[in-house]
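Engineer: The structure that follows is given in the form of structure tokens.
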Amino acid sequence: MLDTLFAAPGNPGIAQHATIPALNVADHRAVIDFCRRERIGLVVIGPEAPLVDGLADNIRAIGVPVFGPGRAAAQLEGSKGFTKDLCARVGIPTARYFRVTSRDGALATLDDFGEKCVIKADGLAAGKGVTVATSRAEAEAAIEALFADGPAEAVIEEMLEGPEVSLFVLSDGAATASFGSAQDHKRVGDGDTGPNTGGMGAYSPAAVLTPELEARALGEIVRPTIDALADAGTPYVGVLYAGLMLTADGPKLIEYNVRFGDPECQVLMARFTGDLAELLLAVAEGRLADQPEPAFSPDIALTVVMAAQGYPSTPKAGGAIAGIGAAEAAGAVVFQAGTKEVDGQLVASGGRVLTVTASGADVRTAQDIAYRAVDAIDFPDGFCRRDIGWRAI
């Protein structure tokens, strides 16, 4: 049973449900001391940076259950090269690739890919370190930008063709359980135009991922990854988010995230009908095999991101926000992300500011409710895509 919920660093939205402690989550010693002082029974690490930095390892060392992988397993997201090399080693279907460490090497590698390729910064980039280049000039510009500040590491790979889908799987290091699917909208503009972002909206489930394709993805991609990490002595504990391309040859891995992701988490949680705290604790304690399969509503959930003007480059901070109550009265749930309160006024404090989430019997119904709620929010310095769910519709 969940008695007390703490959230750090928190925001005004989650403050309605949790206590927000004065805690620097980058200070591992402070986090450990807090866990001991408050007798914390479960820690859920949401963002990728503290996972890659080994926070889960340090908390587990004092005997506190943690939902989230340790530093070694978190390299699945922390290093694109690590993941691609693992795929090559155990035969996981993915795009053909090269790892590069210099501008000249990267430019020379373009000759192996023709006009289209994908260029990925090797480390964490908040979902924005990827360029899908459709011409040699675009690829060269991305490489020049990547190496403009000196040495860097990158992966250059072939461009896969097909629908893109996200599959979520829980793992306690041995047992696994599917936790739904979603389709994200990565580009900033309508019709999937403009630069990549951390995500401008999503819906769940993704009908394009049929049961047969999901079974293939689990058997050919996810399970071999979990087994390889266990064999290496670095078991994966937490949620594994597999970004997949459904090619003519079957599912292929685009990349892994070691977290629920945003805005995918919002649509998954809108549909989940079980006891989340108990399920995450079972994962953290190695008891996933004893749990029933995660259950979800048959409804479609759809979320629209409201971002600050200037996102994804330099978002405008400080814009006033009102109307969240009216949006929720329209049938949506409004999750806050980049927000803070200044003199009693809710204002933007980040790039992606709100996610407006609604459910319905089909994508069109969920979309209609979500956009009615969006229109009830007064955020003059914000913007959103107006076509979330367009591929399904």
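The values are calculated or read from the model by the stated rules, or taken from the named source; none is laboratory data. What you are looking at is a predicted structure, and each value in this text was computed from that prediction instead of being measured. When we count neighbours, we look across all protein chains shown, and the Cβ atoms used for this are built from the backbone with ideal geometry, even at glycine. Just so you know, the surface numbers come from the protein's heavy atoms only, side chains and all, with ligands and any DNA or RNA stripped out. Shrake-Rupley method; radii C 1.70, N 1.55, O 1.52, S 1.80 Å.
Engineer: Enter the mean projected area of the convex hull around the alpha-carbon atoms of the range 257-374, in nm², rounded to one decimal.
Structural biologist: Working: hull surface 36.9 nm².
Mean shadow area of the hull around the Cα atoms is 9.2 nm².
Engineer: Using only C-alpha atoms and all pairs of different ones, pull out the Kirkwood radius for the range 103-150 in Å with one decimal.
Structural biologist: Values: mean 1/r = 0.0915 Å⁻¹.
After inverting the mean inverse Cα-Cα distance, the result is 10.9 Å.
Engineer: In cubic angstrom, how much convex hull volume per residue do the alpha carbon atoms of the range 98-209 span? Write down the numbers at each step before the final one.
Structural biologist: Working: hull volume 15.6 nm³, N = 112.
In the range 98-209, the Cα hull volume divided by residue count equals 139 Å³.
Engineer: What ranking, highest mean first, results for peptides 303-316, 21-34, 108-121 when packing means the other Cβ atoms within 10 Å averaged over each residue? Intermediate results must be reported in sequence, preceding the final value.
Structural biologist: Numbers: 303-316: 21.0, 21-34: 14.4, 108-121: 17.5.
Packing proxy ranking, top to bottom: 303-316, 108-121, 21-34.
Engineer: Only bridges whose two residues both fall in the chain count here: according to DSSP, what percent of them are antiparallel, nearest 5?
Structural biologist: Numbers: 62 of 66 bridges.
Given both bridge residues lie in the chain, the antiparallel proportion sits at roughly 95 percent.
Engineer: Another one. For the range 282-393, what relative contact order do you get, as a whole percent, if you take Cα pairs closer than 8 Å and at least 6 residues apart?
Structural biologist: On the way: 219 pairs, mean separation 39.2, N = 112.
Dividing the mean separation by the residue count of the range 282-393 yields 35 percent.
Engineer: What's the tally of Lys pairs in the chain whose alpha-carbon atoms lie under 26 angstrom apart, where the two lysines are 8 or more places apart or on different chains?
Structural biologist: So the count of such lysine pairs works out to 24.
Engineer: Something else about it: Rg and Dmax of the range 118-184 over Cα atoms: what are they, in angstrom?
Structural biologist: 15.9, 46
Engineer: Also: Just to be sure I understand the curve: with the Debye formula and one point per C-alpha of the range 36-100, what is log10 I(q)/I(0) at q = 0.16, 0.19, 0.22, 0.25 Å⁻¹?
Structural biologist: -0.61, -0.74, -0.87, -0.99
Engineer: Ok, one more. Please report, largest first and rounded to whole Å, the three semi-axes of the ellipsoid equivalent to the range 270-329, where each semi-axis is the square root of five times an eigenvalue of the C-alpha gyration tensor.
Structural biologist: Details: eigenvalues 256, 59, 26 Å².
The equivalent ellipsoid of the range 270-329 has semi-axes of 36, 17, 11 Å.
Engineer: Sorting Cys384, Cys87 by accessible area (1.4 Å probe), largest first, what list results? Display every interim value, and only then the final one.
Structural biologist: Details: Cys384 25, Cys87 0 Å².
The ordering from most to least exposed comes out as Cys384, Cys87.
Engineer: If each DSSP helix of 4+ residues adds -39,500 (n - 2.57) and the sum is divided by the residues in the chain, what number results at 222 nm, nearest 500 deg cm²/dmol?
Structural biologist: Numbers: 13 runs with 108 residues, N = 393.
Computed ellipticity for the chain at 222 nm equals -7500 deg cm²/dmol.
Engineer: Where nothing but the Cβ of Lys and Arg (+1) and of Asp and Glu (-1) is charged, how large is the charge dipole of the chain around its Cα centre, in debye to the nearest 20? Please report the intermediate quantities before stating the final value.
Structural biologist: Values: 32 positive and 51 negative charges, 72 e Å.
Using only the charged Cβ atoms, the result is roughly 340 debye.
Engineer: Using all C-alpha to C-alpha distances in the range 147-299, build P(r) with 10 Å bins and read off the rounded percent in each one.
Structural biologist: 10, 37, 36, 15, 3, 0
Engineer: With charges only on Cβ, +1 for K and R and -1 for D and E, what is the dipole size of the range 74-137 about its Cα centre, in debye, rounded to 20? Kindly include the intermediate steps, with their values, before the conclusion.
Structural biologist: Details: 10 positive and 7 negative charges, 23 e Å.
For this selection, approximately 100 debye.
Engineer: Give the Debye-formula value of log10 I(q)/I(0) at each listed q (0.17, 0.18, 0.22, 0.35 Å⁻¹), with one equal scatterer per alpha carbon of the range 324-364, two decimals each.
Structural biologist: Debye output, listed in q order: -0.54, -0.59, -0.77, -1.10.
Engineer: Keeping all protein chains in place, calculate the accessible area per residue for the range 253-393 (probe 1.4 angstrom), answer in Å². Show your work: numbers first, answer last.
Structural biologist: Values: 5940 Å² over 141 residues.
Here the per-residue accessible area is 42 Å².
Engineer: Above 33 Å lies some portion of the pair distances; for the chain, what is it as a whole percent of all C-alpha pairs?
Structural biologist: Working: 24163 of 77028 pairs.
In whole percent, the long-distance tail amounts to 31.
Engineer: What do you get for Rg/Rh over the range 9-161 if you use C-alpha atoms and the Kirkwood form of Rh?
Structural biologist: Values: Rg = 19.7 Å, Rh = 17.9 Å.
Ratio value, two decimals: 1.10.
Engineer: Assuming a viscosity of 0.692 mPa s and a temperature of 37 °C, what translational diffusion coefficient in µm² per second does Stokes-Einstein assign to the range 185-259, Rh being the Kirkwood radius over Cα pairs? Walk me through the numbers before you get to the answer.
Structural biologist: Values: Rh = 14.2 Å.
It comes out at roughly 231 µm²/s.
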